[in-house]
Every structure is written in C-alpha cells, then in structure tokens.
Amino acid sequence: MTTVQNRRARVRGGELDDCLRACAVHSGKVVGSVDRRRTELAEQLRKLLVVVATGDAPAAAPAAPSGAAARLKRAVKGASVPAAGIPNDVLDALLAVANKALECGYDDELDLALVISDTVLAQRRNSRAGWRLRARLMEALGDESEAVPAYERYLGLTDDDGFGVSAKITGLRVAGEKDRELLDLLRRRCPRAERFAAGPATDVWAEGLAAHAVGDWAEAEPRMVGALLALAAEQAPVTDRQELLSQYLELRTARGDADLPALTEVLALYAEQRRNRMRGPVADPTIGGVRWISLGEFRNLIAGKSICLIANSGRVGSSSMGAEIDAYDLVVRFNSYRIDERHTGGRTDIHATIHKHGFNWDRPVTTRLVFGGVSGDWKYSLRNRLVSGAQQHLGDESLRWPVRTIGKLGPDAWSGIPTTGFNMLFLLDFLDVSPTLDLIGFDFYESGAYRVPEAMKMPITSVHEYTSEKEWVMQRAQRVTDMRISLR
C-alpha cells in the first residue's frame, strides 16, 4: 500500500541548469526501453537536448563549445549555469518532455515532470501551458488542493477553454464534496472509527486487514474506516485514499450480512465522486435538441452549393480574402480556426474537428462534424465536449471517420492517420455534389499555423501523412493559384 506516510519526497525544481541536468540524466535511463510511453519520452528528451545544444550556435557553422552547447555540457557535469530565462524553443521542448513524462505515469517520470513544471513557472509565471501542465501533474499526484488553483490560473490566462478545463474544475470540486459526504456517512455508520482516526493510517489499516483475515469484521471495519478518516485529515493524496476506499468497499460488499440500504448509499456516493473526477457534470444530456444527420442527410444539405475549405495556415491569416470567402454558399473551417474577418471571412457554416480537443465547439455553426478513429472515444468526447445550442446539425456515426469508414482506406492503403482537413475533403470529393470545391490557403503548414492563441503552442503532429495528402489533392486539382486550389 502506498500512503502519504511512505511516499518518498519528490524532487522539486526551479533553476534551468538543474532542470537540464535532470533531463540529461533521465535521457540515459529511458534509452532502450521497451515501454512505448518511455520510448516516446526518450525521443522528446533527445529533441530537447538537440535544441539546447544548437540553439545558440551560428547558423552557418557547427555548434561551438560555448553558448547553449556549453551550458548543456556544464549541466550534465553538474556545473552552475547562469540564470538567463528560458528561450522559447527550449520552453516548448521542455513542455513536450514534461507532457510525455506525465503520460508515462511512473514515479521517476512524474518527478521529472515536477522539476520541469517548477522550472517553467519559476521562469515564466504567466505561461498558460506551464499552468495547465502543473494542474494536470498535481491531479495525477492526487493533490487536488493544488490542481484546482492551477487550473483556475490557466483559465485566467486564456480566452479559449479548448481543453475543457472549466468542466474539469467543476468535476473535481463536486468530487471533493462527495468525498466529504461519504466520509461523514462512514463516520456515522461506524462510530467506533473515531478512536482509530488519530493513529498512523498505515498501521491502523494493517491492523484492520489482520482482523479481517481472522474473520473479526467487528474489529476490522472501525480500523479501516479510521484509517480512511486519518488519511483525509492529513490531506493524503487522493490516489492513496481512493485505493484504500475501494479495498474497503470490496471487502464490505463481499460480506453476506451487508446492510443493503446503507451499502447502496455508500456505493452511490463512491460512484459519483469517481465519475466526477473522470469528467465534469454534463449540463444537457440531450445536447440541446440537436438534429443528428447521416451521410445521406449531409449530402442533401450541401448538394448544389459552392464550398470553400479554409486552412489554418499563416497564408490565410494575411490573405485579405475575407469578402471572397464569405461569398461562397458554405464555408468550412477546421479545429482551432481563428477569425479575422478581413483575412479569413467571418462566417462558419461547417466546423470539422477532431474529437480530442474542444476548440471552437462553443462557436455557433449550422453543422458540426466531429471526427475520431475509435468509436468509444468519439462518443465520450461528444458527451463531454458538445455545447448545447452551438450547432443545428451534428454528424452521426456514419460521418465519424470518412477516410476509413466511407472510403474504406485502411492502414495498408493509407498508413498515416488522416487529418481533419483530409477527412473533410475526402468526404466532399466522395459525395461529389458541389459545383465549386475550393481550398483556400492550403500549403500544408509551409507558412506555419494560424490558430486561436491557445492552440498556437500545440505542435504540428508527425502522425499525419502531409506529403501524401498534398499529392492526393494535387492529382485532383483543376486550377491552382497562390491562394486557391480548385477541385471542381
């Protein structure tokens, strides 16, 4: 059993040289790992060390043993590095490492993420990504008293809650309330537990298990409940308390003499706090009376209409094509699109988005198509991210993953994960009912990204086949200009 008494003290950070040293040392620990998550972490660590080693080198010459390269060498050897803040490229690389470390979930990796988190926030007190990292990390460590304020600080620094943080905060608070209700109920049901609540939780719990092992439930239960009360009083990590609580309920429900009404009330509170930690409460389970549309119904909505698809590219952000864009019958935008009416136009008729992020889901549109490769994950996101009243039509399962489910292009025929833009374009080309089908600003990120501010720090992922998608588009292009590719 892991409890607050025997959890080892975690290393904290703050200084950039100490943080770089920790990353350099950890990179040696994960080299050759067979764990996929640690392999991905190793790759991010390698990228970080390359950024640090080459960041200050002259562009026309190899890195000399000075500047960032020397800093890295000194960090690895343990020498002191003068504090000069974190350059943007190093900040991005550190955050990428920390996020991968957090995904690993092991103690060593959580320690590394904590060092990076402390360092980022010591150097950049208003880093949105830094505060979101801190919140997620504290949540993973079971410290909700620090996670909630960190989430709130993140929200205070952003105008776009694309990650569903507001719902997360609400969920954690509701879960905390249900925790307290559950402990109060156990205290009332087992009054003898109070006498054991003052003892060391680990010892008291062990005594309870020993009593249970010899069949003495009358002595086991008050000790177990007492240990739970002790952990709550000393603000032990939520993960520790959940572990013990689930063990207690498992032992309690296994007894044939269970008081069913009382046990049902306890289990209901336990389920509610667990559910709220997984996701925030859903205000409108009916999704605001939205009309679900199938492939055929979507075809009827777009038939005979001119359509333009607007890329989230830097080229669009300076195009001055706003009026031309708004002149199409239907305007399609993607994921974390950004509006600047002079350049991008102001209207959005169809929002096509991946299910994993919630950017712009609150923006009113006529039709929202949410794409996702795994049906269960897709349904979960719809349940938790859709905003009531923000869309009139919502694509159903038949429109979930067009390249795979409609085009029947499996990994053998299309190895990369299709982008949101390619799924949408493939769908429109497949239906072939639009007299005009134009792509505006599609340069496949050659001009960089143009997104809502909160999404600008997100990397352009490497899991997509941008080259293959570009070849597919150009093979079907009828006319091509600097800003427009016409497929019809």
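The values are calculated or read from the model by the stated rules, or taken from the named source; none is laboratory data. Keep in mind it's a predicted model, so treat the numbers as computed, not measured. Virtual Cβ from ideal backbone geometry, glycine too; neighbours counted across all protein chains shown. Accessible surface is based on the protein model in full, side chains and every heavy atom, while ligands, DNA and RNA are left aside. Shrake-Rupley method; radii C 1.70, N 1.55, O 1.52, S 1.80 Å.
If you go through segment 284-307, how many residues are loosely packed, with under 14 Cβ neighbours inside 10 Å and modelled with pLDDT of 90 or more? Show your work before the answer.
Filtering segment 284-307 for residues loosely packed, with under 14 Cβ neighbours inside 10 Å gives 284-286, 289, 291-292, 294, 296, 300, 303-304.
Remaining after also requiring modelled with pLDDT of 90 or more: 291-292, 294, 296, 300, 303-304.
Residues in segment 284-307 being loosely packed, with under 14 Cβ neighbours inside 10 Å and modelled with pLDDT of 90 or more: 7 in total.
Can you tell me which residues in segment 370-403 are open to solvent by 50 Å² or more (accessible area, probe 1.4 Å) and under 24 Å from residue 432 (Cα atoms)?
Those that are open to solvent by 50 Å² or more (accessible area, probe 1.4 Å) and under 24 Å from residue 432 (Cα atoms): 392, 397.
Go through 381, 388, 415 for me and flag whichever is farther than 16 Å from residue 360 by Cα and of a type in the set (S, T, N, Q).
415
Out of everything in segment 315-336 that is open to solvent by 20 Å² or more (accessible area, probe 1.4 Å) and in contact with a Ser or Thr (Cβ under 6 Å, 6 or more places away or on another chain), what residue ends up being farthest from residue 368 (Cα to Cα)?
The qualifying residue farthest from residue 368 (Cα to Cα) is 315.
Filter segment 181-190 for residues that are in contact with a helix residue (DSSP H, G or I) (Cβ under 8 Å, 6 or more places away or on another chain), over 16 Å from residue 238 (Cβ atoms) and part of a helix (DSSP H, G or I) and give the result.
Selection gives 185, 186, 187, 189.
Would you pick out the residues in segment 249-264 that are acidic (Asp, Glu) and over 14 Å from residue 190 (Cα atoms)?
Residues satisfying the conditions are 250, 257.
What is the number of the single condition among (1) surrounded by fewer than 16 Cβ atoms within 10 Å (Cβ to Cβ); (2) more than 23 Å from residue 274 (Cβ to Cβ) that residue 129 does not meet?
Going through the list (1) surrounded by fewer than 16 Cβ atoms within 10 Å (Cβ to Cβ); (2) more than 23 Å from residue 274 (Cβ to Cβ), residue 129 breaks only (1).
Restricting the first residue to segment 201-222 and requiring it to be of a type in the set (A, V, I, L, M), which pairs with a second residue that is open to solvent by 50 Å² or more (accessible area, probe 1.4 Å) meet a Cβ separation below 7 Å and a spacing of at least six or different chains?
201/5; 211/219; 220/212
Does segment 196-213 contain at least one residue that is among the hydroxyl-bearing types (Ser, Thr, Tyr), surrounded by fewer than 16 Cβ atoms within 10 Å (Cβ to Cβ) and at pLDDT below 95?
Checked segment 196-213: no residue is among the hydroxyl-bearing types (Ser, Thr, Tyr), surrounded by fewer than 16 Cβ atoms within 10 Å (Cβ to Cβ) and at pLDDT below 95.
So, of the residues in segment 214-233 that are closer than 26 Å to residue 178 by Cβ and either of a type in the set (Val, Ile, Thr) or under 30 Å from the mean Cα position of the chain (by Cα) (or both), which turns out to be surrounded by the fewest Cβ atoms within 10 Å (Cβ to Cβ)?
232
Considering only residues that are in a strand (DSSP E or B), hydrophobic (A, V, I, L, M, F, W, C) and touching a His at 6+ places or on another chain (Cβ under 7 Å), which ones fall in segment 291-322?
Let us first name the residues in segment 291-322 that are in a strand (DSSP E or B), namely 291-293, 307-310, 313.
Right, trim to hydrophobic (A, V, I, L, M, F, W, C) and you get 292-293, 307-310.
Hit for segment 291-322 is 293, nothing else.
For the list (1) under 22 Å from residue 361 (Cβ atoms); (2) modelled with pLDDT under 95; (3) assigned to a helix (DSSP H, G or I), I need the number of the one condition that residue 178 fails.
It is condition (1) that residue 178 fails.
For the condition outside any helix (DSSP H, G or I) and either open to solvent by 50 Å² or more (accessible area, probe 1.4 Å) or of a type in the set (Ser, Thr, Tyr) (or both), what is the one hit in 170, 158?
158
Looking at 363, 400, which is the one that is free of Cβ contacts under 8 Å to residues at least 60 places away in the same chain, closer than 20 Å to residue 427 by Cβ and in contact with a Phe, Trp or Tyr (Cβ under 9 Å, 6 or more places away or on another chain)?
Details: 363 fails: closer than 20 Å to residue 427 by Cβ.
Step by step, each of 363, 400 is checked, and only 400 is free of Cβ contacts under 8 Å to residues at least 60 places away in the same chain, closer than 20 Å to residue 427 by Cβ and in contact with a Phe, Trp or Tyr (Cβ under 9 Å, 6 or more places away or on another chain).
Does residue 242 satisfy the condition of being modelled with pLDDT of 90 or more, outside any loop (DSSP other than H, G, I, E, B), open to solvent by less than 40 Å² (accessible area, probe 1.4 Å) and not acidic (Asp, Glu)?
Yes, satisfied.
For segment 9-46, how many residues are on the phi < 0 side of the Ramachandran plot and not in a helix (DSSP H, G or I)?
10
Could you identify the single residue in 427, 431 that is buried (at least 19 other Cβ atoms within 10 Å of the Cβ) and either at pLDDT 85 or above or not hydrophobic (A, V, I, L, M, F, W, C) (or both)?
Working: 431 fails: buried (at least 19 other Cβ atoms within 10 Å of the Cβ).
Step by step, each of 427, 431 is checked, and only 427 is buried (at least 19 other Cβ atoms within 10 Å of the Cβ) and either at pLDDT 85 or above or not hydrophobic (A, V, I, L, M, F, W, C) (or both).
Pull out all pairs, ordered by first then second residue, where Cβ-Cβ is under 7 Å, the residues are six or more apart or on different chains, the first lies in segment 16-32 and is touching a residue at least 60 places away in the same chain (Cβ under 8 Å) and crowded, with 18+ Cβ neighbours inside 10 Å, and the second is assigned to a helix (DSSP H, G or I) and among the small types (Gly, Ala, Ser).
Correct list of pairs: 17/75; 20/75.
Using the structure shown, decide if residue 288 is under 27 Å from residue 400 (Cβ atoms) and part of a loop (DSSP other than H, G, I, E, B). Quick ask: steps written out before the conclusion?
Details: under 27 Å from residue 400 (Cβ atoms): yes; part of a loop (DSSP other than H, G, I, E, B): no.
Against the criterion (under 27 Å from residue 400 (Cβ atoms) and part of a loop (DSSP other than H, G, I, E, B)), residue 288 does not qualify.
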